[in-house]
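Let me begin by presenting the structure, written as structure tokens, before commenting on it.
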Amino acid sequence: MFRALPPYAQTTQNPFWSAPTPSHWSVQPGLAVLQENRHKNDGLIESQVLSLSYGKVVVKPVEKQRGLVPDSYEGYQILGPGDIVVRPTDLQNDQTSIRVGHVKDRGIITSAYIGLRPTGAWGDSYAYLYLTVVDSSKRIYGMGSGLRQQLGWSDLKRMPCLVPPAEEQAAIVKYLAHANTRIDNAIAAKRRLIKLLHEQRARITNDLVTGRDKPLQSVSSLPWLESVPEGWEWRRCRTITRFVTSGSRGWAEYYAAQGPIFLQSGNLGRQLNLKLSNLQRVDLPESAAEGVRTRVQPRDLLMCITGALTGNVSMVPADWTAEAYVNQHIALIRPTHDAVDAEFLGLAMKSLPSQIQLRASEYGGTKQGLGLAEVKNLEILMPPLAEQRTVIARVADHTARLDRAIESNGNEISLLREFRTRLVADVVTGQVDVRAIAATMPDAPESFDNAVAAIDDDLEEALSEGEE
């Protein structure tokens, strides 16, 4: 269903898309096919709160309505099924977010977003597809105005909009629903394989780090490990680290394109590696600068202490030179390097005995997490320094093949997502004609929205610091 999709026979060059589009499609300004939502929640007639998160408009449960909650929802806008919401802020500094969502439930959402209702010759499903392509093709970042380049209704109402005939819009939506279901199934299969590979890797690492492959002696004081290898001993974290500290607060008000790096939960990888593809920088005034204790150094360990990633640990690379600090969700742990190899300590903190202790130490409330005292009291099974380094080498040797398989499948998922983005753009803008193949397909098994807004595991894990 993906090969040899024919082009349209007659096309006209479209300046907005810098490409030919079907001659029988009309081009209309946004004002002709979209209406700005002006339905406000006056009198608090609606109480169900909606949230735009990673391209999906979802109902926000009451228990998750925390943080920067308004005193009243009276200023919010009311949206209904079929409406479209666009997050218009900060186009200049944030060019990675998915900014468009399709509303499925009636509810209220902040008036900082633009609510739209398709009208005239646009059906809501095709309208949503078109706006997602405007977003994914980065054309949205050439729109907007102001210091932080904010999009407004005035920009959207002048935007050139492709308008296929109604039956052709239906064919496009139908074809893409089927195409994306197949792509999603392929991605889901690779995700399952990656999950199994990670589980196998974790088991191997855990056995090596806890000495399960060695002769054991019954000297353990912890119930889940009745015995430990000879020469290994339990040590509290506070006795093998110089200090454990954390950032004092968040720095969202200082986010900028340049400046020191603030490492967050989302920067902590599944293994010990830091994820450096999406670093947040801040422009801090002198009075707000963090102290030297929270500035990271090479081979420091960083542990997430709040949210969905609590207990996850990463290590700062040995060649790290950038000025960087941790935010309030991260504990910075600096080992005593003359007695402890930081990499071994990080692996030990990620092992099953450590994670059991950390989970047992979490506090409750609206957001679970760990205090620094609980991190300092963590008991860790430590071998002599030379054996720590032997274990590190054995972990690398035993997991290298698994790491290559995980990376390969991850790359294939990225390629599938890139293919999806290109396919949707080509179909929605009339680069290929899907009318004939759509006519042979049954009714769509599910809406396109479930596919286009699919989010990867890393984003799901980072929801505590995601967009709202």
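The values are calculated or read from the model by the stated rules, or taken from the named source; none is laboratory data. Keep in mind the model is a prediction, meaning the values are calculated, not measured. Quick reminder, even Gly has a Cβ in these numbers, built from the backbone with ideal geometry, and neighbours come from all protein chains shown. Each accessible area value is taken on the protein alone, full model and side chains, heavy atoms only, with ligands, DNA and RNA left out. Shrake-Rupley method; radii C 1.70, N 1.55, O 1.52, S 1.80 Å.
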Hits in the range 308-324 (condition: within 21 Å of the chain's Cα centre (by Cα) and open to solvent by 10 Å² or more (accessible area, probe 1.4 Å)): Ala308, Leu309, Asn312, Met315
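Based on this model, can you work out whether Arg334 counts as open to solvent by 10 Å² or more (accessible area, probe 1.4 Å), at positive phi and at pLDDT 90 or above?
Judged against the criteria, Arg334 is not a match.
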Need pairs with beta-carbon distance below 7 Å; first residue among the small types (Gly, Ala, Ser) and within the range 42-56, second open to solvent by 10 Å² or more (accessible area, probe 1.4 Å); sequence gap 6+ or separate chains. Ser51/Val58; Ser51/Lys60; Ser51/Glu468; Ser53/Gly466; Ser53/Glu467; Ser53/Glu468; Gly55/Ile98; Gly55/Val452
Any residue that is within 14 Å of Val209 (Cβ to Cβ), open to solvent by 50 Å² or more (accessible area, probe 1.4 Å) and either of a type in the set (A, V, I, L, M) or at pLDDT 90 or above (or both) - is there at least one of those in the range 368-380? no
In the range 341-367, how many residues are assigned to a helix (DSSP H, G or I) and either farther than 24 Å from Gly211 by Cβ or out of contact with any Leu (no Cβ under 8 Å at 6 or more places or on another chain) (or both)? 6
Near pairs, Cβ below 8 angstrom, 6+ apart or cross-chain, from the range 230-241 (farther than 15 Å from Ala342 by Cβ) to any residue that is open to solvent by 100 Å² or more (accessible area, probe 1.4 Å): Glu230/Pro215
Of everything in the range 251-273 that's part of a helix (DSSP H, G or I) and touching a strand residue (DSSP E or B) at 6+ places or on another chain (Cβ under 8 Å), which residue is nearest to Gln328 (Cα to Cα)? Ser265
Given (1) at pLDDT below 95; (2) aliphatic (A, V, I, L, M); (3) within 22 Å of Asp42 (Cβ to Cβ), Leu91 misses just (3)
Is there a residue being surrounded by fewer than 18 Cβ atoms within 10 Å (Cβ to Cβ), at pLDDT 90 or above and not in a strand (DSSP E or B) anywhere in the range 239-250? yes
Test for Asp105: is it within 26 Å of Met143 (Cα to Cα) and acidic (Asp, Glu): no
